[in-house]
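Visitor: I am attaching a structure below and will ask some questions about it afterwards.
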Amino acid sequence: MSVLAFSGFGVRYGAHTALVDLDLAVEAGEIVALIGETGSGKSSAALAALGLLPRGTHTQGRVERNGRLAMIFQDPQAALNPLQTIGAQVAEAVRIHQPLSGAAALTAAARLLAETGLDPARVPPSRYPHELSGGQRQRVCIAMALACQPDLLVADEPTSALDAATQAQVMALLVDLVRGRGMALLLITHDLLLARGVADRIALLQGGRLKESGPLPQVLEQPATRALLAHVSHMAIRNPATTPAAATPVLEVRGLTHGYGSHKVLDGIDLTVTAGEIVGLVGGSGEGKSTLLRLVLGLEQPQQGVALVQGIDLLHARGTALRAARRQVQAVFQDPGGSLDPRWPVWRSVAEPLHLLDERLSAAERRDRAIAALARVNLPADTADRLPNQFSGGQRQRIALARALVIEPALVVLDEATSALDAAVRAGILDLLAALADDGLALLFVTHDQAMIAGLADRVFSLKQGRLHLQPHDTPRAQ
Amino acid sequence: MSRTSVAFRIGAAITALFTLAGLLAQVWTPWRVAAVDIAARLQGPSGAHWLGTDQLGRDVLSLVMAGAATSLGVALLGTGAALLVGVPLGLAASAARGWLDDVLMRGADVLFAFPALLMAILLTALLGPGAINAALAIALFNVPVFARVTRGAALVVWTRAFVSAARLAGLGRVRIALVHVLPNVAPQVLVQASIQAGLALLAEAGLSYVGLGVQPPAPSWGRMLAEAQTLIGIAPRLVLVPGLAILLAVSGFLLLGDGLSRERGR
């Protein structure tokens, strides 16, 4: 019996069609992967499965559900209540579905948390979400989803916010739990390699339409799948630029030291980025990568040291000097959900930095420039008037990149700016960045994707215990 | 927009009903509001007087309609004034942080420390009774509410990445507060405003009841209650009608606020 069946199902947001005529069924105990590029309608299908489509959405056809459904979201941080212990949150989910006393529910919650691989000795249920790592948080979300004993689990990019090693662990756990309990799993991902490892059947979406669907070996033979696979192995490889000695540094960081309380996050950082150079910055979570970026961008005041953009200190410059310096540096932030004002149409967000130009532009001119910038990241002009909530995470990252490029700055700082992109789009964006660097743009790129940055950057530093370490250039390039 | 919660619809309907009644009373009431007719006093409901007459022979329906205008007017004026002052203060506190935030929020704490109605009574006692002063008193104890709600919601918005992006785009704090933060806190503030309007209505009735609200002969629900209380044994209707009007109107606003917050939660 199908636990979930779409028949002739379509989704439309205003004038934008996200999903057309989808026929797809998930049988009990089956793992189905729904794959596709950013904006192919994957998440719309997931939301529709759970009846969570935003209001004002037009739908066609039918979704039938048999049995209980639970969902695991992409961003475990946003799915958890920061003010409640993880045990209490899982217990709450337990009690919604089982008439247990508070104490019994807590015991059940502790058992579920242990089942998801959270060792009670190291991560007891009395912890709060902020005390956990991303992978541990996602495990808590999985425990919450299991608490309602679902027949079908819908997982929307459950591991894409995690680093590679954690990704594999969490995925293995998820599959074990699903198989062990005879649940069905609808796995939504842009990562074909991930899907290939776990799914019984694969359904491939492209531009809102179901392109291929069937058992694994069969789908892998299909041209559309092969095209997607081909993109995965494509990786931008750039020859390290030979930096002219006289090049003016676009960014100069001297003795930057910063900390919270007695803990020193950054301890005397020196870093220079010259025009046309791509500098990679890697490091584990909590090593201060994001703090360094905020200091470089002048968003925070360092305890010691300075960050100069083309010789100007963003924190102390005023008036025209500040405007001139601000014009030279833009950023793409990690969180694709939070980096666009939810109440602004996309073009207004993209056009925002144009405010820094000396010439005064009319609204129509600003809109035109925004559309041109969107085109550079392969987004069509009709994206301009839509609101951010109508885009996928990957599309939002591209919109944020368009905003960073719209005034043609000298330096762009990227914080995990390609993490939400799927293979095909990422390859295109990396090519674009490499081309921009060849034209003289300096890039400071924070990432945990070692293989990607090794291929792209001229220099790669790792940040450990507050200090930068230059990585040898023969870093093995993973394929 | 198509699916709205039941609470929202009921709240909106009640609020609309009283607003219309109040507006209608400005141009037409079944009887002249101040028309005293001692001969027809304390009559029960009839075709001529749907809700009967009071101890002076005035038509109760006309009084309730005119009272709606007074009560809603004072409540909305007070809430509106509090919004105009409180929201900018909260926004400024969230934008400036530091000493300005401390001063504003400790100031709000001080205002909060006084029971709202007590402070309103104190203020109207000092300034003299009357509709405008009642609205002022209501505004005064609502300012810290709006300042706090705005600040709390705004602090969250300030941490979002799009605010950082706006700073990189060269926008100043004031500009960011106006174009990014304010629109994003508006829904939350609106919900609070609806709830505060309900409480303000209650406060207005309370002030009128103790004689510090609108002065006779202008009608008011609170004073209708006060005047009728000695007659509760003879004509309980005279207490019930304004009492129910207050209850309904307050519930209307509270339901509206509740409904609005549910709308937001979707």
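Laboratory data are not the source of any read-out in this text; all were calculated from the coordinates shown. The model shown is predicted, which means the values in this text are computed figures rather than measured ones. Cβ atoms come from the backbone with ideal geometry, glycine included; neighbour counts cover every protein chain shown.
Visitor: Using modelled backbone amide H atoms (1.01 Å from N, in-plane), which distant-in-sequence or interchain residues come within less than 5 Å of residue A:27's amide H?
Guide: A:3
Visitor: Taking the number of other C-beta atoms within 10 Å as the exposure measure, put A:42, A:464, A:211 in order starting with the fewest. Intermediate values should be presented prior to the final figure.
Guide: Working: A:42 25, A:464 13, A:211 19.
Listed from fewest to most nearby Cβ atoms, that is A:464, A:211, A:42.
Visitor: Does anyone have the angle between helix A:134-147 and the longest principal axis of chain A? Alpha-carbon axes, 0 to 90°, nearest 10?
Guide: 20
Visitor: Shifting gears a bit: Toward the positive end of the charge dipole of chain B, about the Cα centre and with charges on Cβ (Lys, Arg +1; Asp, Glu -1), which of B:119, B:207, B:218 goes farthest?
Guide: B:119
Visitor: Rank B:174, B:141, B:108 by how far each Cα sits towards the positive end of the charge dipole of chain B (+1 on Lys, Arg Cβ; -1 on Asp, Glu Cβ) and give me just the farthest.
Guide: B:174
Visitor: Could you size up the charge dipole of segment A:249-470 around its Cα centre, putting +1 on the beta carbon of Lys and Arg and -1 on that of Asp and Glu, and report it in debye to the nearest 20? List each step's numbers first, then the result.
Guide: Details: 23 positive and 25 negative charges, 98 e Å.
Charge dipole, segment A:249-470, about its Cα centre: 480 debye, nearest 20.
Visitor: Mean residue ellipticity at 222 nm from the helices of the protein assembly as shown, using -39,500 (n - 2.57) per DSSP H segment of n ≥ 4 over the full residue count, to the nearest 500 deg cm²/dmol?
Guide: About -15500 deg cm²/dmol.
Visitor: I've got another one for you. For segment A:249-470, what size does the Cα cloud have along each of its three principal axes, sorted from largest down, in whole Å?
Guide: 48, 42, 34
Visitor: Considering the alpha-carbon set of the protein assembly as shown alone, what are its Rg and its Dmax in angstrom?
Guide: Taking only Cα atoms of the protein assembly as shown, I get Rg and Dmax of 31.3, 107 Å.
Visitor: May I ask you to give the average projected area over all directions of the convex hull of the Cα atoms of segment A:272-397, in nm² rounded to one decimal?
Guide: Over all viewing directions, segment A:272-397 projects a mean Cα-hull area of 9.5 nm².
Visitor: Just report the Cα centroid separation between segment B:137-170 and segment A:381-419, whole Å.
Guide: 26
Visitor: On a C-alpha basis, how far is the centre of segment B:1-75 from the centre of segment A:92-110 in Å? Whole number, if you could?
Guide: Segment B:1-75 and segment A:92-110 have Cα centres separated by 51 Å.
Visitor: Do you know the relative contact order of segment A:249-470, to the nearest whole percent, from alpha carbon pairs under 8 angstrom that are 6+ apart?
Guide: Details: 440 pairs, mean separation 69.3, N = 222.
Computed value for segment A:249-470: 31 percent relative contact order.
Visitor: I would also like to ask the following. Find how much the distance from residue A:62 to residue A:264 grows on full extension, using 0.36 nm per residue of separation minus their present alpha carbon separation; answer in nm with one decimal.
Guide: 67.1 nm
Visitor: Which net charge results for the neighbourhood of residue A:27, defined as the other residues with beta-carbon distances under 12 angstrom from its beta-carbon, given Lys and Arg at +1 and Asp and Glu at -1?
Guide: It works out to a net charge of -2.
Visitor: Specify the residue with the greatest mean-square fluctuation among B:97, B:237, B:167, computed from a Gaussian network of chain B linking alpha-carbon atoms under 10 Å apart.
Guide: For chain B, modelled as a Gaussian network with Cα springs under 10 Å, the answer is B:167.
Visitor: Within a 10 angstrom radius of each residue's Cβ in A:334-342, how many Cβ atoms of other chains show up on average? Whole number is fine.
Guide: 5
Visitor: Taking N as the number of residues in segment A:2-233, what value does Rg over Cα atoms divided by 2.2 N^0.38 Å take?
Guide: 1.02
Visitor: I've got another one for you. How many angstrom lie between the C-alpha centres of segment A:122-143 and segment A:171-222?
Guide: Cα centres, segment A:122-143 to segment A:171-222: 26 Å.
Visitor: Dividing the convex hull volume of the alpha carbon atoms of segment B:76-208 by its residue count, what do you get in Å³ per residue?
Guide: Value for segment B:76-208: 95 Å³ per residue.
Visitor: Let me ask something else about it. Excluding residue A:157 itself, what net charge comes from residues whose Cβ is under 12 Å from its Cβ, given Lys and Arg +1 and Asp and Glu -1?
Guide: It works out to a net charge of -3.
Visitor: Name the residues whose placed amide hydrogens come within less than 5 Å of the amide hydrogen of residue B:56, ignoring near sequence neighbours (fewer than 5 apart) on the same chain.
Guide: B:42
Visitor: Next up: May I have the convex hull volume per residue, in Å³, for the Cα set of segment B:165-241?
Guide: 113
Visitor: What is the pair-distance distribution P(r) of chain B, computed from all Cα-Cα distances in 5 Å bins starting at 0, with each bin given as a whole percent?
Guide: 1, 6, 12, 14, 15, 14, 12, 9, 7, 5, 3, 2, 1, 1, 0, 0
Visitor: Against the empirical 2.2 N^0.38 Å scaling, what ratio does the C-alpha Rg of segment A:1-73 come to?
Guide: Cα Rg divided by the expected 2.2 N^0.38 Å: 1.07.
Visitor: Quick one: the Cα spread of segment A:401-479 along its three principal axes, in angstroms, biggest first?
Guide: The principal-axis extents, from largest down, are 34, 27, 22 Å.
Visitor: How large is ³J(HN,Hα) for each residue in segment B:18-35, as worked out from phi by the Karplus curve 6.51 cos²θ - 1.76 cosθ + 1.60 (θ = phi - 60°), to whole Hz, x for Gly and Pro?
Guide: 5, 5, 4, 4, x, 5, 4, 4, 5, 10, 8, 9, x, 10, 5, 4, 8, 6
Visitor: Would you work out the relative contact order for chain B, in percent, from Cα pairs under 8 angstrom that are 6 or more residues apart?
Guide: 27
Visitor: Compare B:255, B:17, B:83 in a GNM of chain B, Cα atoms joined below 10 Å, and give the one with the largest fluctuation.
Guide: With Cα springs under 10 Å in chain B, the top fluctuation among B:255, B:17, B:83 is at B:17.
Visitor: When only Cα pairs under 8 Å and 6 or more residues apart are kept, what is the percent relative contact order across chain A? It would help to have the intermediate numbers written out before the result.
Guide: Details: 981 pairs, mean separation 78.5, N = 479.
About 16 percent, as a whole number.
Visitor: Could I ask something else about it? Which whole-Hz ³J(HN,Hα) couplings does segment B:226-233 yield from phi under the Karplus relation 6.51 cos²θ - 1.76 cosθ + 1.60, θ = phi - 60°, glycine and proline marked x?
Guide: 4, 5, 8, 5, 6, 9, 4, x
Visitor: Using the basic label-point model (7 angstrom from Cα toward the beta carbon), what is the residue A:465 to residue A:122 distance in nanometres?
Guide: Taking the two extended label points, one gets 2.1 nm.
Visitor: Once the Cα atoms of helix A:223-233 and of chain A are each reduced to a long axis, what angle between those two axes, in degrees from 0 to 90 to the nearest 10, is obtained?
Guide: Here the helix axis deviates by roughly 50 degrees.
Visitor: Further, regarding this structure: On average, how many beta carbons from a partner chain sit within 10 Å of the beta carbon of a residue in B:155-165?
Guide: Mean shielding by partner chains, rounded to a whole number: 6.
Visitor: With +1 on each Lys and Arg Cβ and -1 on each Asp and Glu Cβ, how big is the dipole of segment A:2-233 about its Cα centre, in debye rounded to the nearest 20?
Guide: Numbers: 19 positive and 20 negative charges, 69 e Å.
Dipole magnitude for segment A:2-233 comes out near 340 debye.
Visitor: Would you mind checking the tilt of helix B:60-96 against the longest principal axis of the Cα atoms of chain B, expressed as 0 to 90 degrees and rounded to 10?
Guide: So the helix axis and the longest Cα principal axis differ by about 10 degrees.
Visitor: Compare the Cα positions of B:16, B:53, B:80 along the charge dipole of segment B:11-121 (+1 at Cβ of Lys, Arg; -1 at Cβ of Asp, Glu; about the Cα centre) and return the one farthest towards the positive end.
Guide: The residue sitting most towards the positive pole is B:53.
Visitor: What dipole magnitude, in Debye to the nearest 20, does the protein assembly as shown give about its Cα centre under +1 on Lys/Arg Cβ and -1 on Asp/Glu Cβ?
Guide: The dipole magnitude comes to about 1080 debye.
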